[in-house]
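Below is one structure; the comments refer to it alone.
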Number of protein chains: 2
Amino acid sequence: MQAYYRHIIACNPPLDEPFLPWRVDRELVGWVRPAFAEQLHDFADVFEIAADELRLAAHLEGFDRRSASLNVVAQELAGRGITPPFMDEPYAVTPAGRDAALCVVDRAAAAHFGVRSFGQHLNGYVRGPDGSLHMWLGRRARDRLLFPGALDNMVAGGLPHSLSLEVNLLKECAEEAGVPEALARQAVPVGVVSYSRVAARGLRRDVLYCYDLELPQDFEPRNTDGEVESFMLLPIEDVAQIVRDTDEFKLNCNLVIIDFLIRHGVLDPDTPGYLDLVLGLRQPLNRLDVAPAAGG
Amino acid sequence: MQAYYRHIIACNPPLDEPFLPWRVDRELVGWVRPAFAEQLHDFADVFEIAADELRLAAHLEGFDRRSASLNVVAQELAGRGITPPFMDEPYAVTPAGRDAALCVVDRAAAAHFGVRSFGQHLNGYVRGPDGSLHMWLGRRARDRLLFPGALDNMVAGGLPHSLSLEVNLLKECAEEAGVPEALARQAVPVGVVSYSRVAARGLRRDVLYCYDLELPQDFEPRNTDGEVESFMLLPIEDVAQIVRDTDEFKLNCNLVIIDFLIRHGVLDPDTPGYLDLVLGLRQPLNRLDVAPAAGG
């Protein structure tokens, strides 16, 4: 398999189980396991459970009423141990982008409902006097729940629905890498990568907003929230080699870096499989191989 | 409709007629109108025509034998006036990228066979002392067959299978905009845009390799092949406004420029419909709404 492309496969593995579409106001906003839908029968005034789909009850109209009902459900599910503990961090429930959200649901239950989740990843890079590119990488703290000790983008984090893209990015830049606000404001939004895969809790459908931040040669990132063990600055060719030949990076960071390599011409169109790679970075927002489950 | 997104729709309009898949060695390489497939019955040793697909005859093995047979067919089709006159310019017949070509077919017949075609578009831009971006645009000559007088990327051209990406880009840079080779070699490959639509001759499925070339402030493009009437340098915000509010650009140039605007953060993630726009620039290499025709 093409060495870079295996990361796209890893982030979008074939589905091997059925999911039920979840609709709010007729719009497809998520996918749930049939077994999870069964557990929602206790909330008969919130959900309509059909054989082929889960619907938010039609009488729940408007962002606030829907969100309030889902909040009660999320707290109850957390209390019963069906989901992880309630986090009080609202995630968008949306058929498209964040701006099209129809309501919110707590982060602890978001994965079970298979809603799209949004994150921001920032490539911190330095351009040498000769034009050569170097990239700052973080190594995740060993006590992190997910991917302890793995390599990571300089700044990366989830995006709560309550914060704007700008505010959340500035916050993550400060917390994760000690980037002063004036410098962080120079980050350039450069597009998105998207992928989806089955995880333990449900169908993960992620959209990562990507940013490039050119850093002064004397800047050194400094972690303040304990999430990063150390930072290192590597020539871009070395970063490419790590992505190509190893699994040292947290899974989705590989896609963010491949996107960087493509946009900066480090990976050029003569690379075998280039087209599949470029197109593979942006998977459709709804997986096309998700077939509605036969029974509810 | 979102002002930028209408260009993605225009380049990928809904299909309103059936097409038959064309396969070489079981791989899907093109789509043909059933009426065109009918006209291939005269070449019984080259094609197998089934009710639901067109196949290159199985006995034609290898790149050279396949290409030689298709060359004879293309010359005959041109002679009968079924296609435009033979051009002696081989186009790749491929299930994926150029590097996966199974054979070639003459450009004059390529559109009828619905093969993927490849092009290169270059964004020539200037960065002001204050970091502001300006872009060079061309206005197409009034005697051009397609889109006479329309705005165009500074350099843009089709990509014959016989030329490498590098050689063709240097050639187009020299011919279309008088870019010296040393400068043209600084062009950075930055990805692709892809789209497909029904045209008079058949299903067009285009992949455009995109390049950014930062130009010195004193550089002035100069056309040498008569294809461009004039060039102009505009602030990037003005270019964005032309794309957003008018149809002055040749159809596919809009997508190349939208991609530039996204990669350089001129269009930021708070733009309504940003996600659809980013994902819409790269359509799957095979249209998912192409349904095989019922009859051959």
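Bear in mind these aren't lab numbers, they're just calculated from the coordinates by the rules spelled out. Everything numeric in this text was worked out from a predicted model, so none of it was measured. With ideal geometry, Cβ positions are generated from the backbone for all residues, glycine too; neighbour counts draw on all protein chains shown.
Relative to the longest principal axis of the Cα atoms of chain B, helix B:165-177 runs at roughly 60 degrees. Expressed to the nearest 5 percent, the antiparallel share of DSSP beta bridges inside the protein assembly as shown is 75 percent. Rounded to the nearest 20, the Cβ-based charge dipole of segment B:111-253 about its Cα centre (Lys and Arg +1, Asp and Glu -1) stands at 740 debye. Using only the Cα atoms of the protein assembly as shown, what semi-axes does the equivalent ellipsoid have when each is the square root of 5 times a gyration tensor eigenvalue? Give whole Å, largest first. Its equivalent ellipsoid spans semi-axes of 42, 32, 22 Å. Taking a Cβ cut-off of under 10 Å around A:TYR195, the surrounding Lys, Arg, Asp and Glu residues balance to a net charge of +4, with basic ones at +1 and acidic ones at -1. Quick check of the Kirkwood formula: for chain A, what is the inverse mean of 1/r over all pairs of different Cα atoms, in Å? This gives a value of 20.2 Å. Histogrammed with a bin width of 10 Å, the alpha carbon distances of segment B:60-138 distribute as 17, 36, 18, 13, 11, 4, 0 percent, first bin at zero. Candidates A:TRP136, A:VAL105, A:ASN123 compared by Cα position along the dipole of segment A:105-148: farthest toward the positive end lies A:VAL105, with charges placed on Cβ. Ranking B:LEU165, B:ALA184, B:LEU215 by Cα position along the charge dipole of segment B:152-218, where only Lys, Arg, Asp and Glu carry charges on their C-beta atoms, puts B:LEU165 farthest toward the positive end. Per residue, the average separation of C-alpha pairs within less than 8 Å and at least 6 apart gives segment A:25-128 a relative contact order of 28 percent. For B:SER117, the shell of other residues with beta-carbons less than 14 Å away shows a net charge of +4, using +1 for Lys and Arg and -1 for Asp and Glu.
The mean count of C-beta atoms from other chains within 10 Å of the C-beta of residues in B:260-267, rounded to a whole number, is 4.
Which of rounded, prolate, oblate describes segment B:201-273, given a ≥ b ≥ c as roots of the alpha-carbon gyration tensor eigenvalues and a/c under 1.5 marking rounded, otherwise prolate only if a/b is larger than b/c? The shape class here is oblate. What does the C-alpha gyration tensor say about the overall shape of segment A:111-163? Classify as rounded when a/c is under 1.5, otherwise prolate if a/b is larger than b/c, or oblate. The shape class here is oblate. Net charge near B:GLN2: determine it from the other residues with C-beta under 14 Å of the C-beta of B:GLN2, scoring Lys and Arg +1 and Asp and Glu -1. Here the count lands on -2. Here segment A:103-203 yields Rg over Rh of 1.00, to two decimals, using C-alpha coordinates and the Kirkwood radius. Percent of Cα pairs in segment A:148-291 per distance bin of 10 Å, from zero to the largest separation: 10, 36, 39, 14, 1, 0.
Rounded to two decimals, the Cα radius of gyration of segment A:1-124 over 2.2 N^0.38 Å is 1.14. Over the C-alpha atoms of segment B:175-227, the Rg to Rh ratio, Rh being the Kirkwood estimate, stands at 1.12. When you filter the GluC sites (Glu not before Pro) in segment A:47-95 for DSSP loop state and at most 14 other Cβ atoms inside 10 Å of their Cβ, you are left with A:GLU61. Can you give the percent of C-alpha pairs in segment B:1-67 whose distance is more than 18 Å? That tail contains 49 percent of the Cα-Cα pairs. Using C-alpha pairs below 8 Å separated by at least 6 residues, the relative contact order for chain A is 23 percent.
Charged side chains reduced to their Cβ positions (Lys and Arg at +1, Asp and Glu at -1) give the protein assembly as shown a dipole of some 860 debye around its Cα centre. Segment A:107-161 and segment B:17-36 have Cα centres lying 43 Å from one another.
Among the trypsin sites (Lys or Arg not before Pro) found in segment B:207-296, those both in a DSSP coil and sparsely packed, with 12 or fewer other Cβ atoms within 10 Å of their Cβ, are B:ARG222.
Farthest toward the dipole's positive end in chain B, which of B:SER194, B:LEU267, B:ILE236, given Cβ charges of +1 (Lys, Arg) and -1 (Asp, Glu) about the Cα centre? So the residue we want is B:SER194. A straight Cα-to-Cα reach below 28 Å connects B:LYS250 with the lysines B:LYS171, residues fewer than 8 places away in its own chain not being considered.
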